[in-house]
1. Taking the Cα centre as origin and putting +1 on Lys and Arg beta-carbons and -1 on Asp and Glu beta-carbons, what dipole magnitude results for the stretch 95-216, to the nearest 20 debye?
2. Please list, ordered by chain and number, the residues whose modelled amide H lies under 5 Å from the amide H of Met51; skip anything fewer than 5 residues away on the same chain.
3. Given the Cα-Cα distance of Lys151 and Ala175 and 0.36 nm per residue of separation, how much length would full extension add, in nm?
4. Could you give the length gained on full extension between Lys211 and Arg198, defined as 0.36 nm per residue of separation minus the Cα-Cα distance, in nm?
5. Using the Karplus curve 6.51 cos²θ - 1.76 cosθ + 1.60 with θ = phi - 60°, work out ³J(HN,Hα) for each residue of the stretch 57-65 in order, rounded to whole Hz, and write x for Gly and Pro.
6. With θ set to phi - 60°, apply the Karplus curve 6.51 cos²θ - 1.76 cosθ + 1.60 along the stretch 131-139 and write out the HN-Hα couplings as whole Hz, x wherever there is a Gly or Pro.
7. Run the reach check for Lys85 against lysines, Cα to Cα strictly under 23 Å, same-chain hits fewer than 8 apart removed. What comes back?
8. Taking H as built 1.01 Å from N, whose amide H comes closer than 5 Å to the amide H of Arg198, not counting residues under 5 places away?
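What follows is calculated from the coordinates using simple rules that are stated; it is not laboratory data. Keep in mind that what you see is a predicted model, and the values were worked out from it rather than measured. Cβ atoms come from the backbone with ideal geometry, glycine included; neighbour counts cover every protein chain shown.
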Amino acid sequence: MLTRRRFLTTTAVAAAGFAAFASFPGLAFAQEPAATVDENELMKPGALPDMALGDPNAKVKVVEYMSMTCSHCADFHNKTFEEIKTKYIDTGKMYFVLREFPLDPLAAAGFMLARNAPGGKYFEVVSYLFKTQREWAFVEDPLSGLRNVSKQFGYSPATFEATLTDQKLLDDLNATRKRGADEFGITGTPTFFINGQREVGFMSVEEMSAKIDPLL
């Protein structure tokens, strides 16, 4: 939900000229999403190259649609993901794809920083943003919070501004978001597809393992 406080904050940042905050389309959902999707279509990359970990030929393929300002997404990545990564991704049993579904302009800005991070540190930036979510996503001055995060990953003031004014990157993020909604029925985050089977909401290690193990 876009609160009055969040609206005022993002409006102020938009006035500073940052693309991620200046234009952000809404989404319309026509029908209840199906429980499964075509896995071949799901695994095709969209406007942006997929950010993925593991063996693309693994028996289990998981696609997560997530938003950087989603507290349930943060809970999954802070409490569940590392153990799942050790248990399944690092052992070659799972291929994991993370796809952006920003729910608001701040989330889009976070993804832009992750996508452009020096040294290709996408997953590192995502992890750090989730660990520090309350320090940048739910504060009076989110721009300063994001700027502080960017410094941890080698951004200069100039490259920070260039990233958040990259209209092409924002357009591609919005295209990824729109494709998720239009083609795969994403209505909220996190949404997971485990070999094409939809699972919505936070999952513990035990809950996710129970979905994965029968497929191995």
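1. Rounded to the nearest 20 debye, it is 200 debye.
2. For Met51, whose amide H was placed from the backbone, the distant partners under 5 Å are Leu98.
3. So the chain would gain 5.9 nm between Lys151 and Ala175.
4. Details: separation 13, 0.36 × 13 = 4.68 nm, distance 1.07 nm.
Taking Lys211 through Arg198 to full extension adds about 3.6 nm, to one decimal.
5. Going residue by residue, I get 9, 4, 5, 10, 10, 10, 10, 10, 9 Hz, with x marking Gly and Pro.
6. 5, 10, 3, 5, 8, 9, 8, 10, 10
7. The qualifying lysines are Lys44, Lys59, Lys61, Lys93, Lys121, Lys131, Lys211.
8. For Arg198, whose amide H was placed from the backbone, the distant partners under 5 Å are Thr36, Val37.
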